[in-house]
1. Just one of B:153, B:194 is exposed (fewer than 15 other Cβ atoms within 10 Å of the Cβ) and at pLDDT 85 or above; which is it?
2. Filter the range B:473-494 down to the residues that are of a type in the set (Gly, Ala, Ser) and either crowded, with 18+ Cβ neighbours inside 10 Å or not in a helix (DSSP H, G or I) (or both) and list them by number.
3. If I ask for residues that are more than 14 Å from the chain's Cα centre (by Cα), surrounded by 14 or more Cβ atoms within 10 Å (Cβ to Cβ) and assigned to a helix (DSSP H, G or I), which ones from the range B:279-295 would you list?
4. Looking at the range B:94-111, can you tell me whether even one residue there is surrounded by fewer than 16 Cβ atoms within 10 Å (Cβ to Cβ), within 40 Å of the chain's Cα centre (by Cα), among the aliphatic types (A, V, I, L, M) and within 25 Å of residue A:77 (Cα to Cα)?
5. If you take the residues in the range B:210-226 that are buried (at least 21 other Cβ atoms within 10 Å of the Cβ) and either in contact with a Pro (Cβ under 9 Å, 6 or more places away or on another chain) or at the interface with chain A (Cβ under 7 Å from one of its Cβ atoms) (or both), which one is nearest to residue B:257 (Cα to Cα)?
6. Say we look at the range A:57-89 and pick out the residues that are charged (D, E, K, R) and more than 33 Å from the chain's Cα centre (by Cα); which of these is nearest to the other protein chains (Cβ to nearest Cβ)?
7. Give the number of residues within the range B:43-90 that are farther than 30 Å from residue B:229 by Cα and surrounded by 16 or more Cβ atoms within 10 Å (Cβ to Cβ).
8. Select from the range A:137-156 the residues that are surrounded by 10 or more Cβ atoms within 10 Å (Cβ to Cβ) and modelled with pLDDT under 80 and write down the one among them that is nearest to residue B:206 (Cα to Cα).
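The values are calculated or read from the model by the stated rules, or taken from the named source; none is laboratory data. Just so it is clear, the model here is predicted, and its values are computed rather than measured. Because the Cβ atoms are built from the backbone with ideal geometry, glycine has one as well, and the counts that use them run over all protein chains shown.
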Amino acid sequence: MNIQHVNHLVHAYKIAPWRVQRQWIGNVLLVVVALAMVATLYLDVTSQAAIAGREIQDLTASIAASQQVSADLQTQLASLTSARVMGQRALEIGFRPMKSGEAEYLVVPGYSVLEPDILSSVSVPQLSALTIPPEYNESLLDWVDKKIVNAVGGMP
Amino acid sequence: MRQQYANRVRVLAAVMVLISFAIIVQLTRIQNSPEAAIFRQQASNYAYELRTFYPDRGEIYDRSGHLLAGNRTVYEVGVDLSVVRDPNAIAAAISVELGRDYAQVLDAIQNPPEGVTYMVLADFVEVEPAVRLQELKKTYQKQAEEGTAGSLTGLEFKSHPQRSYPENSLASNVIGFVSREGRGYFGIEEKYDTLLAGSPVQAFVPTDPNKAFEIPRVLNGTTLVLTINRDLQAAAEQILDESLYTYGSNGGVIAIMDPRNGEMLAMAVTPRMDLNQFWNYASIYTNASEFNPIISMPYEPGSVLKILTMAAALDSGTVTPRTTYLDTGAIMVGGATIQNWNQEPWGVQDMTGCLQHSLNVCMATLSTQMGAGTFYSYMDNFGLGHLTGVDLAGEAAGRLKLPGDADWYPVDLGTNSFGQGVSATPLQIMMAASAIANGGRTVTPHTLYAMARDGRQYNVPAQFAGSPISEQTADTLSGMLSVSLESEGSLALVPGYRIAGKTGTAQIPVNGFYDNTQTNASFIGWGPVDDPQFMIYIWLERPSASIWGSETAAPVFAEMAEKTVILLDIPPDYIRQGIAAK
């Protein structure tokens, strides 16, 4: 295949009438594919957000149930260790109330009487719009909308 | 050929465009059709549901972290009338498990009020029967034919917390109780009802998972930590119960306070009630003041009030500890004769002797020497006739008649000086006496040590109510009271500890006259004198074993004080002073 033949093929391709059509088709397909990708991404993000939201709802209910169980157990434990029960158990295993003359006091350097500390459980981070970064709860459209608003708002 | 192909493509493209256009048009039409609006409305009806969030009521702990009031789960059992399949089965199950009347339940399900779709059949159902009912419902569902509802379909269970008191009747007079409507009555439960209950939140909760973050945050009620020491409270209640039996007393109280800061360490009374069965209240108490007599039952305290008279006399400079007087056994005040408790003269006495022998004539002499203005000014500054401000519901102020009042007579100046004709609650006397134990400053008694919410704790600081006497007067009087106890060999003495205190025996007015056979026996004391860490008040009502406080209330004080020094880890004086010397 000589160079003249190649030039002839290139020239024929350049002047082919279907070439423009294919370019159009290619561009349209490119737009369609791009839109499909965005739609897929949007669908994926939305579905993931919905799943996460459902999990949040389930976990919220689970937390409430656990707190209720915890309160139940705490109350049961308090009943089992009440002053009356503990006194009774102490007597049953052979202890008796001490008299003041029987006490021996030792000086322990650095010891100080313990004061009541925070008795409530450590606070659990609560769900709220303020504690969740926007990346985790805004949709693609929200994000685009915010960007447009920011862009417009940012203009002098 | 190429042209034909091009035409086909154009036609195909046009058809595709038309179809696409048709789809878009159809989509738009459906979106904006009347039916779409109906569907949107239906969807929006389910998008949110109105829910009321009831925060868990805050817990109540003693100062060492023992739970005194908590929450436990109970169930509301109801029926969803829209899906009920077998009312008879539901009525039978409720009747068997919850003991409700079968006919009534059946009638309620079959003839509900108009428009009602959900009906509560029973509330505050314990866990066990509720779980059995749930299991029964599941069993019936399994037995039902495929695709059909079980016999108990429609039976609904909603769990919610209910107040629970693990210590039952312990410190019931301090804690109070919560009704099923969630309202606190008496004590801490009433005083801090708003704080404990938290605020119910009514909100539309989104069912859309994408809006899960809109679920409202409901803070539970505030947790309260009391100054009460559970073990000391239990000991006080036990000693009080035994004392009532030993001395044949109708009722009584033992109150223990830290005189340095007003923290109430124990408040034992009789009778007490099991707070988990608060509905027995009416069968236990005849009126509200009996729930916690320490704060709500003023009485004529008798000779324990002499410490206030002596404090006023010393502080005003009317007398010194060494001032002497000749006790003739009687004195005329306001036209009435006042006599000593034994109607005998005691000869020459100094002020310590006045306290040691509890001489009414001496006290009446002091009050008349001070004059009504000075005497009542001191009594007022000590807080008599005023509320102490204790953080418990139902406090009574007592009564201190003042010159100018319609029912005040000149003789009152004499009788008030030894605690007759004046009424005060045990807590008022303790608050007043705290000035003597605490270097001249009265403390405001309180039961709240701290409050905790959302991971933060706020400690309640001590509050001082005033300085009715000087520090020097307080120290002098404490010493006098201690010496007077030791000199008479009081039954209130605690081996190893120097105690200051005073007995009280007050006659009880019956039909307008004092009855010599019925008394209120009291004792107030504190220790160790050089560093007071506890103040104990004993009141025995109408003891039959002896009418005298020195023979009834004083030994109870000693027993209680001995228990207190053990439970509060207070070493005997010689050890404590030895440690301090190092």
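1. On the way: B:153 fails: exposed (fewer than 15 other Cβ atoms within 10 Å of the Cβ).
Exactly one residue qualifies, and that residue is B:194.
2. Applying the first criterion (of a type in the set (Gly, Ala, Ser)) to the range B:473-494 yields B:474, B:478-479, B:482, B:484, B:487, B:489-490, B:492.
B:474, B:478, B:482, B:484, B:489, B:490, B:492, listed by residue number.
3. Let us first name the residues in the range B:279-295 that are more than 14 Å from the chain's Cα centre (by Cα), namely B:279-287.
With the extra rule that they be surrounded by 14 or more Cβ atoms within 10 Å (Cβ to Cβ), the set shrinks to B:281, B:284-285.
B:281, B:284, listed by residue number.
4. Residues of the range B:94-111 surrounded by fewer than 16 Cβ atoms within 10 Å (Cβ to Cβ): B:96, B:99, B:101-104, B:107, B:110-111.
Subset that is within 40 Å of the chain's Cα centre (by Cα): B:96, B:99, B:101, B:104.
Those still in the list that are among the aliphatic types (A, V, I, L, M) too: B:96.
From what's left, within 25 Å of residue A:77 (Cα to Cα): none.
No: zero hits.
5. Among those residues, the one meeting the criterion is B:225.
6. Pass one, the range A:57-89, residues charged (D, E, K, R): A:58, A:72, A:84, A:89.
From the residues that got through so far, the ones that are more than 33 Å from the chain's Cα centre (by Cα) too are A:84, A:89.
On the way: A:84: 7, A:89: 14 Å.
Only one residue tops the list, namely A:84.
7. Initial filter on the range B:43-90 (farther than 30 Å from residue B:229 by Cα): B:43-54, B:75-90.
If we keep only those that are surrounded by 16 or more Cβ atoms within 10 Å (Cβ to Cβ) too, we end up with B:53-54, B:75-79, B:81, B:84, B:86-87, B:89-90.
Counting residues in the range B:43-90 that are farther than 30 Å from residue B:229 by Cα and surrounded by 16 or more Cβ atoms within 10 Å (Cβ to Cβ) gives 13.
8. Of everything passing the filter in the range A:137-156, A:137 is nearest to residue B:206 (Cα to Cα).
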